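Undergrad: Sharing a structure with you now.
Here, each number is a calculation from the coordinates, and none is a lab measurement. Being a predicted model, the structure only gives us computed values, none of them experimental. All Cβ positions, even for glycine, are placed from backbone atoms using ideal geometry, and neighbour counts span all protein chains on display.
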Amino acid sequence: MSEFKQFKRKGLSEMRPYVKGEDLSTISVSPEDDPENDMGMVARNPTNHADQWYVARKYFDENLEPA
């Protein structure tokens, strides 16, 4: 396995708040995430809007801010 390195984003991230109870069948959610209780954000790939994933509230709060 290769070594992890730090990288900085070059552009903006497209995100919206998770809505409690919404269908997550098309959104990637890690097993350790708990959207119903965490109420984080849903991110999407700006060039492929079908590619979406859940971002935990703690990670979002520590690493992102409005542009």
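Undergrad: If Val19 passes every condition in (1) hydrophobic (A, V, I, L, M, F, W, C); (2) out of contact with any Pro (no Cβ under 9 Å at 6 or more places or on another chain); (3) surrounded by 15 or more Cβ atoms within 10 Å (Cβ to Cβ) but one, which one does it miss?
TA: Result: Val19 fails condition (3) only.
Undergrad: Something else: Can you name the residue in the stretch 8-42 that is touching a Lys or Arg at 6+ places or on another chain (Cβ under 6 Å) and not hydrophobic (A, V, I, L, M, F, W, C) and, of all such residues, is farthest from Val55 (Cα to Cα)?
TA: Restricting to residues being touching a Lys or Arg at 6+ places or on another chain (Cβ under 6 Å) and not hydrophobic (A, V, I, L, M, F, W, C), the top hit is Glu14.
Here's the yes/no breakdown for (1) charged (D, E, K, R); (2) touching a helix residue (DSSP H, G or I) at 6+ places or on another chain (Cβ under 8 Å); (3) closer than 18 Å to Ser13 by Cα; (4) surrounded by 14 or more Cβ atoms within 10 Å (Cβ to Cβ):
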| site | (1), (2), (3), (4) |
| --- | --- |
| Pro31 | no, no, no, no |
| Asn45 | no, no, yes, no |
| Tyr54 | no, yes, yes, yes |
| Pro66 | no, no, yes, no |
